[in-house]
1. Given the condition open to solvent by 20 Å² or more (accessible area, probe 1.4 Å), over 22 Å from Pro733 (Cβ atoms) and not in a helix (DSSP H, G or I), answer yes or no: does some residue in the range 394-417 qualify?
2. Quick check: anything in the range 40-47 surrounded by 13 or more Cβ atoms within 10 Å (Cβ to Cβ), under 51 Å from the mean Cα position of the chain (by Cα), of a type outside the set (Asp, Glu) and at pLDDT 95 or above?
3. Here are Arg235, Arg231: which of them is assigned to a helix (DSSP H, G or I), open to solvent by 20 Å² or more (accessible area, probe 1.4 Å), in contact (Cβ under 8 Å) with a residue 60 or more places away in the chain and closer than 21 Å to Arg189 by Cβ?
4. Being farther than 20 Å from Ala337 by Cβ and touching a Phe, Trp or Tyr at 6+ places or on another chain (Cβ under 8 Å) is the filter here, so list the residues in the range 184-203 that pass it.
5. So Asp824 fits all but one of (1) open to solvent by less than 10 Å² (accessible area, probe 1.4 Å); (2) closer than 24 Å to Arg59 by Cα; what number is the exception?
6. Can you tell me how many residues in the range 450-495 are small (Gly, Ala, Ser), crowded, with 16+ Cβ neighbours inside 10 Å and under 30 Å from Pro733 (Cα atoms)?
7. What strands (runs of 3 or more DSSP E), lying completely within the range 713-818, carry at least 3 residues that are charged (D, E, K, R)?
8. Touching a Ser or Thr at 6+ places or on another chain (Cβ under 7 Å), open to solvent by 10 Å² or more (accessible area, probe 1.4 Å) and among the small types (Gly, Ala, Ser): which single residue out of Gly447, Gly530, Gly550 fits that description?
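The values are calculated or read from the model by the stated rules, or taken from the named source; none is laboratory data. Remember, it's a predicted structure, so these values are computed and weren't measured experimentally. With ideal geometry, Cβ positions are generated from the backbone for all residues, glycine too; neighbour counts draw on all protein chains shown. To get the accessible areas, we keep the full protein, side chains included, count just its heavy atoms, and leave off ligands, DNA and RNA. Shrake-Rupley method; radii C 1.70, N 1.55, O 1.52, S 1.80 Å.
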Amino acid sequence: MRYLSALLLLFAASLCAAQLELPGDAFERDAVITAVFRTAPQAIGKGELRVRWTDALGRTVEDRRIQVELNDETEVRFDLDMRHAATMANTVSVDFRFEGKNRKDAPDRRNETASASFVAKPPTRHWEDYTIMMWQTHNAERLAVLKQFGINAAQYGGKAAGPPEAMLRNNFRWYAENIATDFYSEYHRFRNDRVPQWSYLQAKELYRKDPTSLEAFKRHPSLSDPVWLSRIHDRLVEAARKWAPYRPVFYDLGDESGIADLAAYWDFDFSDYSLDGMRLWLKERYGTLDALNRQWGSTFDNWDRVIPNTTREAMARTDNNYSSWSDHKEWMDIAFARAIKMGVDAVRSVDPDAYVGIAGAQMPGWGGYDYWRLSQVLTAVEPYDIGNNIEIIRSLNPALPFITTSFAQGDRERHRIWYELLHGARGHIIWDDKNDGFATKDAKPAGRGLEVEGYYNEIRNGLGALLIASQRQEDPIAIHYSQPSMRTEWMLAQRPHGEAWVDRTSAKERMDSEFLRLRESWCKIVEDLGLQYNFVAYEQIERGELARGGYRVLILPRSTSLSEAEAREIRAFVEAGGLVIADGVPGSYDEHSRLLAEPRLEGTAMTTVSALPYYQQRLLDKEGELHESARKIFDARNLSPRFVVTGTDGKPVVGVETHVFRNGEATIVGLLTNPQLRVHELGPPEFKSNERFESPKEVRLRLPAEMYVYDVRAGKSLGRAKELAVHLVPFDPAIYALTPEPVPALRVVAPARASRGGVVDLSLAFDGAAPAEKQVFHVEVRNPSGELQYPYSGNVVATGGVAWKQVPLALNDPAGAWEIKVKDVLSGQERTLNLEVQ
């Protein structure tokens, strides 16, 4: 009885308790919301409601008093203008003072408080700016130190129970890390209680015990297991519901994912789930069992008995028909891509604008890394730059944002960050191995942070945003991206070594692959000629991309496997005047890895070049013959650079890459030295040095016509010119903006005075038509002490050269003379305004 009485008293108290209700938990920053304060019971009288809005940075956004008169009422409504928000985490508290009478005409005095928290969503829906993210965990004090280095985001566990308070206190965005690594990265993931790659090692041990058994080739969990797919789907939906209000930079499905261990080769997946899925796919592909048997050279009498060759069985074949094995590998690429798509769709079912991807993506090849398929399902990706994968990604889906990871420090790491930016990166993740390189344990700036401070801030202060807003330009040169050829070439290379394939690791696949090195050589040849290229995938060629894309040259780097549809399009390309450069015998196998009686392109006019040594020769200044041969081939097709880089002697320069971007009527040209990436992996000692590319160069940049030139990094006009003398240092780029007419004068309009708690409106424009379709302004707001106000500062992307920015001053901001500086990143023009804050 006492327990029941206590519950009744508690219930009655809850009815009388003051409450503050908001119309949701998260709001856009252009909204005006109505809050409701509830008091009980009904009463008649007058009072005052004090409303105080504060945020995670300690700002007092609002502090106002509302006079209240209740007439048998229980609610007080008031508005909150989200334009005043400057951070994600916010709290509104109310203090209600009231005197009156209740419904029994008895005196009623109230002194009540209530509060509610909400999220002001980050205003950016699209990835328009360069983002630098810290991987290692930092407390709030250490995170604050990172801001001075241009770092503005971090990683946070995607399965965590609640938001990261330390990041919210610094208004840091984050990416949601490792939400489903146990599914996407099972054979590589880290475990506290087991050795690295434990699951992968177990599978290898099973195979060694019984090479005839399929148990070692059953993936647990299977990428086609409906129970696991449903479980991961639900987990991702739950994560998206939790994080969507904060708009994560991206959701990471899994770190260093792969069918097996990274991009290592393994005979996954012979589980029932996988084989059932494969059989359905084979039915769609072949139509009839007879058609499959003809292709595979098999005699299956029932679809339920169809099972592909293992690698051991395929290597034992003597008919040069590896179709069964190859189709299984293609199916696994499809199964991996489907599983990724399920994850992307799950997150986006809750957070439609979300960027969803995988981190630590590997080289093109095994492990599910068919980048044609992945580029069609991912909405973000963080690849390690291996095997030209970032070039493949930006070619196959230019709209797909990618970032990279910074592991090292020093000059070469600075060069790498610039290199990735000019190749299209929209940010990077920092791996600080000992977690002390940027901020000491007592929250002081540390060595690695001080080293990168200059160029990190240069990129973050608008240069990165300008390049992201611009379109990278390529020449009409296509390099064939062929996953079927990769499979065939691997089988032909590894078959003579028999069972040695079992011990191949992801690193081994990377380091001894001639297929990969040949692709790299062709990329460097084209780049060293001052040109650029696109990779065009096998399926794109089948769909007519060579004609649709306006290509004039197609490079086939050991394109051993071609479908008849590809061959037909390539023949049509040649008949229409296109040039095919063949390195190897293209189309000697079909797309299933079966040797043909005659290569598919037999009789087609082609130019033959063997380019494999180029990636090593250029390190030793021995590339001359290959380089000159390639130059003559391209010159014969009138393919020469629009922006020509030569030495002071007028001769071509090897090892300087030319990057061209288009932005409306403006062109941006970047020059950067072009060493070999991962040079330590390139063979004997003489090929393991980039010394040739690590000294300053005096070069000349010849423009196609006289143009107005702006040195973007120096922030100054160079006047009108047809040719530029460039002092190119080895680890930093030279970046120029070129326009047909001078950039008009920058115009910034702002009030001379403002009140604390008010919103300052800035108008940003030019006195005439802006040359760039998307101009980028960098805005810095400083208080009377000269301190940069991070929540009020940042980059503004101005479509058509016109934009507005709002500065929501807090009530507790200091009064006095504030400074607002605006820079047009393209032309370097600056305007500084004084703002008297009262």
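1. There is at least one residue in the range 394-417 that is open to solvent by 20 Å² or more (accessible area, probe 1.4 Å), over 22 Å from Pro733 (Cβ atoms) and not in a helix (DSSP H, G or I).
2. No, the range 40-47 contains no residue that is surrounded by 13 or more Cβ atoms within 10 Å (Cβ to Cβ), under 51 Å from the mean Cα position of the chain (by Cα), of a type outside the set (Asp, Glu) and at pLDDT 95 or above.
3. Just a single option satisfies the conditions, and that option is Arg235.
4. Arg191, Pro196, Gln197, Ser199, Tyr200, Ala203
5. (2)
6. Residues meeting the conditions: 6.
7. By residue number, 716-728, 774-782.
8. Selected residue: Gly530, the only one of Gly447, Gly530, Gly550 that is touching a Ser or Thr at 6+ places or on another chain (Cβ under 7 Å), open to solvent by 10 Å² or more (accessible area, probe 1.4 Å) and among the small types (Gly, Ala, Ser).
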